[in-house]
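Enquirer: Mind having a look at this structure? Questions to follow.
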Amino acid sequence: MIIYFLILLLFAVGLYGLLSQRNLVKLIISMSILECAADLLLIAAGWRANGSAPVIAAGQDAGQFALSSVDPLPQAMVLVSIAIGLALLLLLTAIALRLYHEYGTYDIGEIRRLRG
Amino acid sequence: MSSSLLPYFLMIPAGLGFLIPLLGRSRIRPADTLAALGTGLLLALSLFTLGKTGKHLVGGWPQPIGITLALDPLSSLMLTLIAGLGLCASIFSIRALDRHTGRSHYYSLFLLMIAGMNGVALTRDLFNLYVFLELASISSYALVAFSAEAEDLEAGFKYAILSGLGSIFILLGIAVVYLCYGTVNLPQLAERLALAPAGELINFSLILLLAGFCIKAGLIPFHFWLPDAHPAAPAPVSAMLSGILIKALGLYALARLLFNVYDLSPGLGRLLLGLGALSMIGGVLLAIGQNDFKRMLAYHSISQIGYIALAFGLGTPLGIMAGIYHLVNHAAFKSLLFLSAGAVEYRTGTRDLNELGGLRARMPVTSAASLVGSLSIAGVPPLNGFFSKLLIIFACVQAGRQGLAAAAVIVSILTLASFMKVQRAAFFGPLKDKWTGLKEVPFSMQLSLFLLMAACLALSLLVLPGLREQFLNSAQAVLSAGIMPAGGSR
């Protein structure tokens, strides 16, 4: 149970950062924290107490394997999700760098020209 | 036959998307040709599959284990819209990109965005839906920031952060679903949801998914990215974003989950109704004060998305059909409007309505296109927007919601007023001195404007009895049928 509470805490930290920070780099960091929270929740969904790694040994019975191993599906999902998160991170960083070249600052308060 | 075609809807745009940057530069500009040919081929394929059903098991794995791609009348309608708008936008892009660098990267992102949307329309797996949604979203963030002007970068960053937050809500929703029900296969999930009693966790997952998809759709409490992102993008991209992206990733995915997986409860229907009405009224009120042509169109997108959500929220067969019909029509007339705004900007270099004036004399085709689009969005007969709005109003009255019907009529009148202002400011009236040397846009742009104008006129035929049953009622039946059967063809 404590693991879900910690994930919630991580999510809250990320969300707070996204809403309160005015620095582009800190916004990107908050985004990454939020992604970590979602990935951890997926990993926790497949967790099982004293489970073995989801690698089937040579000659192991599939039914026996299913009884002892942790759920491999969320782990596969998290790998995909990390790759997606990396793509978003790179794009955000690239845009932030270009913005820095345009304005000479990372502060969104100073570079905001658009009306909400 | 049609089932074996399904992987091509993903392979063609994704394959071309990765191929085009490798080709490099040459005089014949292979990127333009390949993008237009690719989207044209997709359009032909999707027209062929229109109204059909089929199923493809990716990698040959059986139903609940592997990822299933499935075609039904609603998905095939979405595929046709995506490919049709993709073709018009890529023809328009040929000259619209004259002032941009990185043409092959543009087409690469554009085609990947189409691949992502096609995937969302076809997949029957919740996590796979998330992957395709992110493919389309991340491509669209890059496309919004594509011209790399200071304001476009800012809009792109804002869009990426807010829409990325939506994606995280969706991913968390999926994690909670998996935690509770141990599956991400949509038919199997629907089956388990129907058997299990409603718990608090499943409502929690529903709220997360709802928030995520509402951000993607740009419904009003979640709309903040939309009025910045749509004007900042190059015109063909704005046409795609407003015409189809917010629908494929937002409303279509949401409707698919709410109707076919969660089996829409009356409470959820009321929530959708409320969000729809709020967006419909709020969007048009925000649009009225705008002087930026594309920004005004973006606010009208929120308003029209509100109409569609409202119609879906009614939950009656007539309401759902009207919603789908308005979705199709909005794709046609809003992309026509964005492309004509792009054509005006291409020649004059401004989107400020106060600076324009009397362009009708110099740009007759663009002016006609924007007039057709304006009349259509405002719901003037015999254009397509009139019929779908009329059906939505009928559906409201039939469901006993006269207040909403009246609101829909009033919003429609406000929309008309707002677009009459645009027509008067930009196209009619005396020609301003600085625009006397203006020429009509190049042929390729005119061609895509003509195609969309024809679509606006032709789509009004869908209301005729024979065509209505074949295209609209079959798509509506998919949503009305409730949860999807696990072993069935869907």
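The values are calculated or read from the model by the stated rules, or taken from the named source; none is laboratory data. Since this is a predicted model, take the numbers as computed values, not measurements. Positions of Cβ are backbone-derived with ideal geometry, glycine not excepted, and every protein chain shown enters the neighbour counts. Just the protein is used for accessible areas: all its heavy atoms, side chains included, with ligands, DNA and RNA removed. Shrake-Rupley method; radii C 1.70, N 1.55, O 1.52, S 1.80 Å.
Enquirer: Can you tell me which condition A:A83 does not meet? The list is (1) surrounded by 13 or more Cβ atoms within 10 Å (Cβ to Cβ); (2) within 11 Å of chain B (Cβ to nearest Cβ), and all the others hold.
Expert: (1)
Enquirer: Something else about it: Identify all residues within segment B:129-177 that are aromatic (F, W, Y), free of Cβ contacts under 8 Å to residues at least 24 places away in the same chain and either surrounded by fewer than 24 Cβ atoms within 10 Å (Cβ to Cβ) or more than 9 Å from chain A (Cβ to nearest Cβ) (or both); write none if there are none. Quick ask: steps written out before the conclusion?
Expert: Of all residues in segment B:129-177, those aromatic (F, W, Y) come to B:130, B:132, B:141, B:146, B:157, B:159, B:169.
Going one step further and asking which of them are free of Cβ contacts under 8 Å to residues at least 24 places away in the same chain, we end up with B:132, B:141, B:157.
Within segment B:129-177, just B:F132 meets the criteria.
Enquirer: Report, by residue number, each residue of segment A:28-64 that is open to solvent by less than 80 Å² (accessible area, probe 1.4 Å) and either among the hydroxyl-bearing types (S, T, Y) or in a loop (DSSP other than H, G, I, E, B) (or both).
Expert: A:S30, A:S32, A:G46, A:A49, A:G51, A:S52, A:A53, A:P54, A:A57, A:Q60
Enquirer: While we're looking at this one, here's another question. For segment B:77-90, which residues satisfy the criterion of being in contact with a Leu (Cβ under 6 Å, 6 or more places away or on another chain) and in contact (Cβ under 8 Å) with a residue 60 or more places away in the chain?
Expert: B:G84, B:L87, B:C88, listed by residue number.
Enquirer: List, please: which pairs have Cβ atoms under 8 Å, are six or more places apart or on different chains, and start with a residue in segment B:7-26 that is modelled with pLDDT of 90 or more and end with one that is open to solvent by 30 Å² or more (accessible area, probe 1.4 Å) and not in a helix (DSSP H, G or I)?
Expert: From segment B:7-26, the pairs are B:P7/B:H56.
Enquirer: Could you list, in sequence order, all residues of segment B:29-43 that are hydrophobic (A, V, I, L, M, F, W, C) and touching a residue at least 24 places away in the same chain (Cβ under 8 Å)?
Expert: Filtering segment B:29-43 down to residues hydrophobic (A, V, I, L, M, F, W, C) leaves B:31, B:34-37, B:41-43.
Scanning segment B:29-43 gives B:A31, B:L34, B:A35, B:A36, B:L41, B:L42, B:L43.
Condition check ((1) touching a Leu at 6+ places or on another chain (Cβ under 6 Å); (2) closer than 19 Å to B:L286 by Cβ) across all residues:
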| position | (1), (2) |
| --- | --- |
| B:A369 | yes, no |
| B:V372 | no, no |
| B:L375 | yes, no |
| B:S388 | no, no |
| B:A395 | yes, no |
| B:R401 | no, no |
| B:L414 | no, yes |
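Enquirer: Can you tell me which residue among A:L97, A:L73 is among the hydrophobic types (A, V, I, L, M, F, W, C), open to solvent by 60 Å² or more (accessible area, probe 1.4 Å) and at the interface with another protein chain (Cβ under 9 Å from one of its Cβ atoms)? Give the steps one after another, and end with the answer.
Expert: Details: A:L97 fails: at the interface with another protein chain (Cβ under 9 Å from one of its Cβ atoms).
Result of the check over A:L97, A:L73: A:L73.
Enquirer: Another one. List the residue pairs whose Cβ atoms are under 7 Å apart, where the first residue sits in segment A:1-25 and is surrounded by 12 or more Cβ atoms within 10 Å (Cβ to Cβ), the second is of a type outside the set (F, W, Y) and not in a helix (DSSP H, G or I), and the two are 6 or more positions apart or on different chains.
Expert: What qualifies is A:R22/A:D107; A:N23/A:D107.
Enquirer: Considering only segment B:247-260, state which residues are under 13 Å from B:A121 (Cα atoms), buried (at least 24 other Cβ atoms within 10 Å of the Cβ) and hydrophobic (A, V, I, L, M, F, W, C).
Expert: B:A248, B:L249, B:L251, B:A253, B:A255
Enquirer: Can you spot a residue in segment B:96-106 that is open to solvent by 10 Å² or more (accessible area, probe 1.4 Å) and either of a type in the set (A, V, I, L, M, F, W, C) or under 13 Å from B:F9 (Cβ atoms) (or both)? Spell out how you get there, then give the answer.
Expert: Initial filter on segment B:96-106 (open to solvent by 10 Å² or more (accessible area, probe 1.4 Å)): B:96, B:98-105.
Going one step further and asking which of them are either of a type in the set (A, V, I, L, M, F, W, C) or under 13 Å from B:F9 (Cβ atoms) (or both), we end up with B:96.
Yes, segment B:96-106 contains at least one residue that is open to solvent by 10 Å² or more (accessible area, probe 1.4 Å) and either of a type in the set (A, V, I, L, M, F, W, C) or under 13 Å from B:F9 (Cβ atoms) (or both).
Enquirer: Now a separate question. Go through (1) touching a residue at least 12 places away in the same chain (Cβ under 8 Å); (2) closer than 21 Å to B:A229 by Cα; (3) among the acidic types (D, E) one by one and return the number of the condition A:E102 breaks.
Expert: (1)
Enquirer: Within segment B:8-39, can you find the residues that are among the small types (G, A, S), within 20 Å of B:G119 (Cα to Cα) and surrounded by 16 or more Cβ atoms within 10 Å (Cβ to Cβ)?
Expert: Keep residues of segment B:8-39 that are among the small types (G, A, S), which gives B:14-15, B:17, B:24, B:26, B:31, B:35-36, B:38.
Then keep just the ones that are within 20 Å of B:G119 (Cα to Cα); that gives B:14-15, B:17, B:35-36, B:38.
The answer is B:A14, B:G17, B:A35, B:A36, B:G38.
Enquirer: Name the one entry in B:A417, B:A368, B:A405, B:A425 that is open to solvent by less than 10 Å² (accessible area, probe 1.4 Å) and part of a helix (DSSP H, G or I).
Expert: Answer to the selection: B:A405.
Enquirer: Consider segment B:178-206. How many of its residues are in contact with a Lys or Arg (Cβ under 7 Å, 6 or more places away or on another chain) and either open to solvent by 30 Å² or more (accessible area, probe 1.4 Å) or facing chain A (nearest Cβ under 7 Å) (or both)?
Expert: Counting residues in segment B:178-206 that are in contact with a Lys or Arg (Cβ under 7 Å, 6 or more places away or on another chain) and either open to solvent by 30 Å² or more (accessible area, probe 1.4 Å) or facing chain A (nearest Cβ under 7 Å) (or both) gives 1.
Enquirer: Here is a further query. From the list A:D39, A:D61, A:D107, exactly one residue is facing chain B (nearest Cβ under 9 Å) and not polar (S, T, N, Q). Which is it? Let's see the steps before the verdict.
Expert: Details: A:D61 fails: facing chain B (nearest Cβ under 9 Å); A:D107 fails: facing chain B (nearest Cβ under 9 Å).
None of the others qualify; the one that does is A:D39.
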